[in-house]
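Worksheet: one structure, shown below.
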Amino acid sequence: MSDHYYSNMPQSASKRQSFDVVLRGFSFRLMSDAGVFSRDGVDYGSRVLIEHMEIPNGARVLDIGCGYGPIGLTAARLAPQGHVTLIDINERAVELARDNAAANGIQNVSFAPSDLFSAVEGETFDVILSNPPIRAGKVIVHNLFTDSWKYLKPGGTTWVVIQKKQGAPSARAKLEDLYGKENVQEVGKDKGFRLYRCIRCQE
């Protein structure tokens, strides 16, 4: 099967569908489609991240692997004076995220198709949010972790949610290598998912 949710241009026929969801007390109507991650509703891992993530108002936020946008759009609602950039290798997902922002009246956002961090080269962020594409493989996921440190401002925070059975222990070890063991905390645990908050030290 070559048509994964982390393909840049899914080959499956488009079949859009919408659903209503409440995230962090905000009501959304979201559109999803074939060929994107968790098309039938917001997945449990993303919900764990959304319920715990801390977004300072005024923050520059990056949602990497945004899918159709539930994490990044919730972040934008939590920080109306901030700005959220939503990126994904999947061009169909990026289009959906853009349409979902417009449909929900969210303006403090921007979007780009991106292979990992390629679309934000040279930028840095206060907060990076990631529900990483585990099925893309450990090498890609660990490259995402490495680059997240590079694109994070000193004092900034990366939030990563991952299932224990899909590699949470090795993910935590990689994050501790990058950020320092004392700067990686497990801040959420629910139904096999682990949520890690990683703080880049002030330089």
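Key figures
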{"quantity": "Region 86-126: number of residues that are in a helix (DSSP H, G or I) and within 21 Å of Gly156 (Cα to Cα)", "calculated": "3"}
{"quantity": "So Val127, is it within 20 Å of Gly188 (Cβ to Cβ) and β-branched (Val, Ile, Thr)", "calculated": "yes"}
{"quantity": "Filter result (among the small types (Gly, Ala, Ser) and more than 15 Å from Val141 (Cβ to Cβ)) within region 153-197", "calculated": "Gly155, Gly156, Gly180, Gly188, Gly192"}
{"quantity": "Residues of region 137-161 classified as touching a residue at least 24 places away in the same chain (Cβ under 8 Å), open to solvent by 10 Å² or more (accessible area, probe 1.4 Å) and outside any helix (DSSP H, G or I), total", "calculated": "5"}
{"quantity": "So Phe125, is it among the aromatic types (Phe, Trp, Tyr) and in contact with a helix residue (DSSP H, G or I) (Cβ under 6 Å, 6 or more places away or on another chain)", "calculated": "no"}
{"quantity": "Residues of region 40-65 satisfying the condition of being open to solvent by 50 Å² or more (accessible area, probe 1.4 Å) and touching a residue at least 24 places away in the same chain (Cβ under 8 Å)", "calculated": "Tyr44, Arg47, Glu51, His52, Glu54, Pro56, Asn57, Arg60"}
{"quantity": "Within region 162-203, tally of residues that are in a helix (DSSP H, G or I), among the polar types (S, T, N, Q) and touching a Lys or Arg at 6+ places or on another chain (Cβ under 8 Å)", "calculated": "2"}
{"quantity": "Of all residues making up region 172-186, the number that are open to solvent by less than 40 Å² (accessible area, probe 1.4 Å) and among the basic types (Lys, Arg)", "calculated": "0"}
{"quantity": "Looking only at region 187-203, and only at residues there that are of a type outside the set (Lys, Arg) and open to solvent by 40 Å² or more (accessible area, probe 1.4 Å), the one that is nearest to Asp43 (Cα to Cα)", "calculated": "Asp190"}
{"quantity": "Flag if Pro169 is within 15 Å of the chain's Cα centre (by Cα), modelled with pLDDT under 95, over 18 Å from Ile55 (Cβ atoms) and not β-branched (Val, Ile, Thr)", "calculated": "no"}
{"quantity": "Residue in region 6-25 that is at pLDDT 95 or above and part of a loop (DSSP other than H, G, I, E, B) present", "calculated": "yes"}
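The values are calculated or read from the model by the stated rules, or taken from the named source; none is laboratory data. Just so it is clear, the model here is predicted, and its values are computed rather than measured. Here the Cβ is made from the backbone with ideal geometry for all residues, glycine too, and neighbour counts use every protein chain on show. For accessibility, only protein heavy atoms count, side chains too; no ligands or nucleic acids. Shrake-Rupley method; radii C 1.70, N 1.55, O 1.52, S 1.80 Å.
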